[in-house]
Amino acid sequence: MTDSILQLGTVGVVTTTNGGLPPEYWAKRAAEQIISVGDQAPAPLREQAHAFKERIESVVLHYMQQAIRSQETR
């Protein structure tokens with residue numbers, strides 16, 4: 001007989017009232033999936049990575065907002 005161990009990652013739940021989640025939420029989630037900044041990285045590298053992550057979040061948010069505006073004009 002073989003024993004199997006199943007390990008799950010962290011599970012998070014977010015709820016809203018009267019609507020879905022805003023584009024800012026999704027842009028932040030996307031940036032978190034695209035870029036991971038290690039806690040053990042040297043400080044200058046970590047700072048640069050955080051700045052890049054913020055820029056990615058900003059770009060994703062911009063294009064999500066553009067997509068929403070485009071959809072609303074249909």
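Screening ALA27 against (1) in contact with a Ser or Thr (Cβ under 9 Å, 6 or more places away or on another chain); (2) more than 21 Å from VAL14 (Cβ to Cβ); (3) hydrophobic (A, V, I, L, M, F, W, C) leaves a single unmet condition, (2). Regarding region 55-71, can at least one residue be identified that is loosely packed, with under 14 Cβ neighbours inside 10 Å, of a type in the set (Asp, Glu) and either in a helix (DSSP H, G or I) or touching a residue at least 60 places away in the same chain (Cβ under 8 Å) (or both)? Scanning region 55-71 turns up no residue that is loosely packed, with under 14 Cβ neighbours inside 10 Å, of a type in the set (Asp, Glu) and either in a helix (DSSP H, G or I) or touching a residue at least 60 places away in the same chain (Cβ under 8 Å) (or both). State whether the residues of region 36-51 include one that is hydrophobic (A, V, I, L, M, F, W, C), touching a helix residue (DSSP H, G or I) at 6+ places or on another chain (Cβ under 9 Å) and within 23 Å of ALA67 (Cα to Cα). For region 36-51, residues hydrophobic (A, V, I, L, M, F, W, C), touching a helix residue (DSSP H, G or I) at 6+ places or on another chain (Cβ under 9 Å) and within 23 Å of ALA67 (Cα to Cα): absent. Please work out which one of (1) exposed (fewer than 10 other Cβ atoms within 10 Å of the Cβ); (2) touching a helix residue (DSSP H, G or I) at 6+ places or on another chain (Cβ under 8 Å) is the condition GLU24 fails and give its number. Only one criterion in (1) exposed (fewer than 10 other Cβ atoms within 10 Å of the Cβ); (2) touching a helix residue (DSSP H, G or I) at 6+ places or on another chain (Cβ under 8 Å) is unmet by GLU24, namely (1).
Here the condition is being surrounded by 13 or more Cβ atoms within 10 Å (Cβ to Cβ) and out of contact with any Gly (no Cβ under 6 Å at 6 or more places or on another chain); of GLN48, GLN7, it holds for GLN48 alone. Looking at this structure, is GLY38 exposed (fewer than 13 other Cβ atoms within 10 Å of the Cβ), under 16 Å from the mean Cα position of the chain (by Cα) and at pLDDT below 95? Yes. Taken over region 34-54, the criterion of being under 27 Å from PRO22 (Cβ atoms) and assigned to a helix (DSSP H, G or I) is satisfied by ILE34, ALA49, HIS50, ALA51, PHE52, LYS53, GLU54.
The values are calculated or read from the model by the stated rules, or taken from the named source; none is laboratory data. Quick caveat: nothing in here was measured; it's all calculated off a predicted structure. So basically every Cβ, Gly included, is an ideal-geometry build from the backbone, and we count neighbours across all protein chains shown.
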